[in-house]
Amino acid sequence: MKMTFRSFWALAALLAGGGVLADDAAMVERARSIHDRAITIDTHVDIPLNFGTEAYDPMRPGPRGQQMHIPTLREGGLNAVFLIVFTPQGDLTASGYTRALSEAFTRFSAIHRVTSEMYPDDWELALTADDVRRIHADGRKIVLIGVENGYPVGNDLNLMDVFYDYGARYFGHTHIGHNQLGDSSMGLDRTLAAPEPLHGGLSGLGRAAVKRANKLGIMNDVSHAGIATTLEIAELSGAPVIASHSGVRALYDHPRNLTDEELKAIRDSGGVVQVVAFDTYLRAPPEQKTAALRALREAFGIRDFPDFARLSREQLAEYRLKADEIELRWPKATVSDLVDHIDYAVELIGVDHVGISSDFNGGGGILGWDDASQTFNVTLELVRRGYSDEDIEKIWGGNLLRVMEAVEAYAEASGYNAARQADRSALMLQGE
């Protein structure tokens, strides 16, 4: 990690508990004013299959592997989170698609349960950009839904309509491993070597999925997609596209990060790149740390992040204790590293096309922003870097809301949802 004079003091402040030097009081006051005024949107927070149960009650901070709760959102001034309907990549078979679809609906149901039944006075599911602004004005937290991995739709794109009706407002076409829609940036073996292409970008079904998302009013998300897939999505989409949680490859050559060509393609679509606070996408971790974490995961049977939900509280506590020992020996990337990636993207594609995401509960979290309660530290670092009030508000949520509005407008002009509603009304009349 490159340690500049500025990042040294930022790190020192964070290690001291988030405090800053006395002569920075005016800076902190200004940052607090911006943070309180902005609609802060985090576009990627994973949820396990036990979300909305006693094991992960969103009102009660629990084991440290759970980085987002309503109290931590309040403490950190994080206004809106996209909760993620994620399914790991499996076989491209009917049984594989069925298992994935069941898992997707489990997560959809959990999100609806926690917003409409468990804590409706504390947060609400937003379906439009106007909903986001209204709920924020009401003083409540905002939940949106993103789909990570198009795998569970199988070969039936009508399921995208169902996902939209359940609240999905972005659609990530791939995850780790190629699927029936397109090629991924990484193979299932998770090595950093480029995987052998399956489709050479999008499949025919994947191209149709891009257009279906446009007609529905779902943002096309290129995070996790391979380079050819990303460029094809950006070219095909009639509405702006997003990268919901990605880093910059020019700063760290990781296949999950975006090349300059991809960044420019997203910009040219009118879209936004949500830079992610993920340690191993921001800079190369020491080999010893990688080996230690791999051994720890193997000892606990952790192959992917959903496996954490299978651990007991005691096992999870033991895992976190051992993981903390590793993190103390080889610390994570910092908020300064995150903003280095933001700086690069802003300089290359412009401040109107850059945003922020955490990937909490899915491997995200860095020194200074390791859970939702520490969100203010990101705003403070943006102020340190000299960003204007207006630019910080854009980066934290204004740009994403602009994209949502453009996607909504494109869908409305297509008439697709109006036709679907008319068909439903006609069927209801026939049934009377």
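Bear in mind that the values in this text are calculations on the coordinates, not laboratory data. Given the structure is predicted, the values throughout are model-derived calculations rather than measurements. Note that we place each Cβ from the backbone using ideal geometry, even for glycine, and neighbour counts take in every protein chain shown.
Given the DSSP H assignment, sum -39500 (n - 2.57) over each helix run of at least 4 residues in the chain and divide by its residue total; what's the result at 222 nm in deg cm²/dmol, nearest 500? All intermediate terms of the calculation are to be shown ahead of the outcome.
Numbers: 17 runs with 195 residues, N = 432.
-14000 deg cm²/dmol, from helical runs alone.
Shape call for the range 286-329 from the C-alpha gyration tensor, a ≥ b ≥ c root eigenvalues: rounded (a/c under 1.5), prolate (a/b greater than b/c) or oblate? List each step's numbers first, then the result.
Numbers: a/c = 2.65, a/b = 1.48, b/c = 1.80.
Cα axes put the range 286-329 in the oblate bin.
Cut-off is 10 Å between beta-carbons; in what order do SER223, SER388, SER358 appear when sorted fewest neighbours first?
In order of increasing Cβ crowding within 10 Å: SER388, SER223, SER358.
At 7 Å along the Cα-to-beta-carbon direction for both SER109 and ASN155, put a label point, then send me their distance in nm to one decimal.
The modelled label-to-label distance comes out at 2.8 nm.
Below 8 Å between Cα atoms, with a sequence gap of 6+, how large is the relative contact order for the range 136-251 in percent? Let's see the in-between values first.
Details: 209 pairs, mean separation 26.5, N = 116.
Relative contact order, the range 136-251: 23 percent.
Hey, rough spin-label estimate for GLU347 and ARG303, points 7 angstrom out along Cα→Cβ, what's it come to in nanometres?
4.2
By counting other Cβ atoms within 10 Å of each Cβ, how are LEU258, LEU296, LEU429 ranked from fewest to most?
Ranking LEU258, LEU296, LEU429 by Cβ neighbours within 10 Å, fewest first, gives LEU429, LEU296, LEU258.
Step through the residues of the range 274-280 one at a time and calculate ³J(HN,Hα) from phi using the Karplus curve (6.51 cos²θ - 1.76 cosθ + 1.60, θ = phi - 60°), rounding each to whole Hz and writing x for Gly and Pro.
Going residue by residue, I get 8, 6, 9, 8, 10, 3, 7 Hz, with x marking Gly and Pro.
Taking K and R as +1 and D and E as -1, what net charge do the other residues with C-beta under 10 Å from the C-beta of ARG420 add up to?
Working: positive: LYS215, ARG424; negative: ASP161, ASP165, ASP423.
Here the charged neighbours net out to -1.
Fewest to most neighbouring Cβ within 10 Å: what's the order for ILE176, ILE392?
ILE176, ILE392
Please label the shape of the chain as rounded, prolate or oblate, based on the square roots a ≥ b ≥ c of the eigenvalues of the alpha-carbon gyration tensor (a/c under 1.5 means rounded; beyond that, a/b larger than b/c means prolate, else oblate).
rounded
Give the shape of the range 299-432 as rounded, prolate or oblate, defined through the alpha-carbon gyration tensor: a ≥ b ≥ c are the square roots of its eigenvalues, a/c under 1.5 means rounded, and otherwise the shape is prolate if a/b is larger than b/c and oblate if not.
oblate
Which ³J(HN,Hα) values in Hz, rounded to whole numbers, follow from the phi angles of the range 284-300 under the Karplus curve 6.51 cos²θ - 1.76 cosθ + 1.60, where θ = phi - 60° and Gly and Pro get x?
Taking θ as phi minus 60°, the curve returns 5, x, x, 4, 5, 5, 4, 5, 5, 5, 4, 5, 5, 5, 4, 5, 9 Hz for the range 284-300.
Count the lysine pairs in the chain whose Cα atoms sit under 23 Å apart, keeping only pairs 8 or more residues apart in sequence or on different chains. Intermediate results must be reported in sequence, preceding the final value.
Details: LYS2/LYS289; LYS2/LYS332; LYS141/LYS394; LYS211/LYS264; LYS264/LYS394; LYS289/LYS322; LYS289/LYS332; LYS322/LYS332.
Within the chain, the lysine pair count is 8.
Residues in the range 209-235, backbone N under 11 Å from the label point at ARG420 (7 Å along the Cα-to-beta-carbon vector): list them, ranges by number please.
Only 212-218 fall inside the zone, counting backbone N under 11 Å.
Find how many whole Å separate the alpha carbon centroid of the range 209-269 from the alpha carbon centroid of the range 98-124.
If we compute the Cα centre of each part, the gap is 27 Å.
Taking the Cα centre as origin and putting +1 on Lys and Arg beta-carbons and -1 on Asp and Glu beta-carbons, what dipole magnitude results for the chain, to the nearest 20 debye?
380
Provide the per-residue ³J(HN,Hα) series for the range 157-162, in order, calculated from phi with Karplus coefficients 6.51, -1.76, 1.60 and θ = phi - 60°, each as a whole number of Hz, with x at glycine and proline positions.
6, 4, 5, 5, 5, 5
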